[in-house]
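The values are calculated or read from the model by the stated rules, or taken from the named source; none is laboratory data. Keep in mind it's a predicted model, so treat the numbers as computed, not measured. Here the Cβ positions follow ideal geometry from the backbone for every residue, glycine too, while neighbour counts run over all protein chains shown.
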């Protein structure tokens, strides 16, 4: 870069000669050389077993849950063989839980499926059993599973219950507003890609949900085998070749050392995008997704108002980045994975960042398949900057030391969050303000980079980007200083509680998992027959 700045008028031939010399001296490597090095360590793939467990998280949405259960019952013949279905229910109403148990018992009787249920009573019994082992304090387990602060949301706690109910197993976890039927991502290829991009997914935009559903073709495949096949050691996935176009150097180095394994497998979505804010569409790099976004005015307008998309990987993309989506997420719980934050939104986003801090060589595989994601149709709120509790947790995780084994790292992360929560009001406010400034500054910098990269074209897009830059700078100066709402002292107290609770759960999670295994050896399972 220094040479090019000093010699801005070099001819094409002179530049070509310089690049060849740099390649010869080892400064650059060709894609062909990198692929060859990766394939030298590729091993004969050991067939990974199909998954035997599928679980769903739900709360007070019986009709949507019924649709999900029907999709499980409609699996191709043989695909539901020996599958155990676990329903993790967060419903606070006793009568609702009783009705759901009755529905599940009838389903098991009629379909022959093996059905298990985890509700409030089962979680309470599990907490008591763990505390009786004198391994984990009751308040810690409750912080992992319940909304102990009265925030009104405990989706992450329900996901933690699912993880503990399936410790030592590989399980496909799904949301109750999905369906267990899969379609190939458009333009997908049968190749494994090492992908170091922040988001390896492609997106197609639609104004109506039915148009999105019509844009894919659902196939009669065995989803349990499909998810199961993507797990395992990275060298075993590459026997048929790999794409390193977007590979990170760290992934290639670990692969050469025979390291790296997939611990989570995610599918894309057709229907609701699951994205809270459409600003990422303004920040797209040059490529097919951006070209689709800008192809027609109607498509562009729909992308920023309607959530209807097809969004998925176009190859089996193995990623070392934090990004993952939880609507259909398979987890290898034979590994020590981090817990989800109990009460905040975007639990999968926080989990992805925690995973990266805990396991350097534990990767996420994004399948070139999408599942139907069918919550009630919603529109995006207007684009705009913000600072939320989940963003605060991600910022806290990013500033922690990350060394040692996964268990040691979890304890270090937890201690760091607990330390932040114990800071004085003045010091904690100062840290939150720095984190807010960092996030907004990153947003502005990315928007400005895209504006320059695309030479402020097309004009409509460029005008929208400039408006977002202005709004972000205004938010930086005049926006709320804290990620929680309400009076300042109350909002700061909420930030403390969220940091302290997730820190406590992270710190104790290795012992919670170990105690869960001891309970299983004694025949105590959290999930019971309905």
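Quick notes on this one:
- Taken over the stretch 139-162, the criterion of being outside any loop (DSSP other than H, G, I, E, B), out of contact with any strand residue (DSSP E or B) (no Cβ under 7 Å at 6 or more places or on another chain) and under 24 Å from residue 335 (Cα atoms) is satisfied by 140, 141, 142, 143, 144, 145, 156, 157, 160.
- Restricting 525, 517 to residues that are over 30 Å from residue 419 (Cβ atoms) and in contact (Cβ under 8 Å) with a residue 24 or more places away in the chain narrows the list to 525.
- Among the candidates 81, 94, 99, the residue that is surrounded by fewer than 16 Cβ atoms within 10 Å (Cβ to Cβ), closer than 20 Å to residue 330 by Cα and either out of contact with any helix residue (DSSP H, G or I) (no Cβ under 6 Å at 6 or more places or on another chain) or at pLDDT 95 or above (or both) is uniquely 81.
Yes/no per residue for (1) free of Cβ contacts under 8 Å to residues at least 60 places away in the same chain; (2) part of a helix (DSSP H, G or I); (3) more than 23 Å from the chain's Cα centre (by Cα):
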{"site": "387", "(1), (2), (3)": "no, no, no"}
{"site": "391", "(1), (2), (3)": "no, yes, no"}
{"site": "396", "(1), (2), (3)": "no, yes, no"}
{"site": "407", "(1), (2), (3)": "no, yes, no"}
{"site": "416", "(1), (2), (3)": "no, yes, no"}
{"site": "420", "(1), (2), (3)": "no, yes, yes"}
{"site": "429", "(1), (2), (3)": "no, yes, yes"}
{"site": "433", "(1), (2), (3)": "yes, yes, yes"}
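- Residue within the stretch 49-67 that is modelled with pLDDT under 85 and surrounded by 17 or more Cβ atoms within 10 Å (Cβ to Cβ) present: yes
- Residue match in the stretch 219-237 (condition: farther than 16 Å from residue 265 by Cα and free of Cβ contacts under 8 Å to residues at least 40 places away in the same chain): yes
- Single unsatisfied condition, residue 75 versus (1) assigned to a loop (DSSP other than H, G, I, E, B); (2) modelled with pLDDT of 90 or more: (2)
- Of everything listed in (1) closer than 25 Å to residue 499 by Cα; (2) touching a helix residue (DSSP H, G or I) at 6+ places or on another chain (Cβ under 8 Å); (3) crowded, with 20+ Cβ neighbours inside 10 Å, the single unmet condition for residue 163 is (2).
- Against the numbered list (1) in contact with a helix residue (DSSP H, G or I) (Cβ under 7 Å, 6 or more places away or on another chain); (2) under 23 Å from residue 361 (Cα atoms), residue 309 comes up short only at (2).
- Selected residue (only one of 143, 129 is more than 27 Å from residue 310 (Cα to Cα), over 20 Å from the mean Cα position of the chain (by Cα) and surrounded by 22 or more Cβ atoms within 10 Å (Cβ to Cβ)): 143
- For the stretch 449-467, the criterion of a residue being surrounded by 12 or more Cβ atoms within 10 Å (Cβ to Cβ), under 27 Å from the mean Cα position of the chain (by Cα) and under 30 Å from residue 429 (Cβ atoms) is satisfied by no position.
- Criterion applied to 153, 184 was being modelled with pLDDT under 95, within 22 Å of the chain's Cα centre (by Cα) and surrounded by fewer than 22 Cβ atoms within 10 Å (Cβ to Cβ), and the one residue passing it is 153.
- Here residue 269 fulfils each of the conditions (1) buried (at least 19 other Cβ atoms within 10 Å of the Cβ); (2) modelled with pLDDT of 95 or more; (3) assigned to a helix (DSSP H, G or I) apart from (3).
- Flag if residue 39 is at pLDDT below 90, touching a strand residue (DSSP E or B) at 6+ places or on another chain (Cβ under 9 Å), surrounded by 12 or more Cβ atoms within 10 Å (Cβ to Cβ) and farther than 30 Å from residue 255 by Cα: no
- Checking every residue in the stretch 477-486 against the condition of being part of a loop (DSSP other than H, G, I, E, B) and at positive phi gives at least one match.
- Condition check for residue 335: part of a loop (DSSP other than H, G, I, E, B), touching a residue at least 60 places away in the same chain (Cβ under 8 Å), in contact with a strand residue (DSSP E or B) (Cβ under 9 Å, 6 or more places away or on another chain) and more than 30 Å from residue 70 (Cα to Cα): yes
- Per the listing 367, 329, the residue uniquely surrounded by fewer than 23 Cβ atoms within 10 Å (Cβ to Cβ), modelled with pLDDT of 95 or more and in a strand (DSSP E or B) is 329.
- The sole residue among 476, 428 that is surrounded by 12 or more Cβ atoms within 10 Å (Cβ to Cβ), closer than 21 Å to residue 395 by Cβ and at pLDDT 95 or above is 428.
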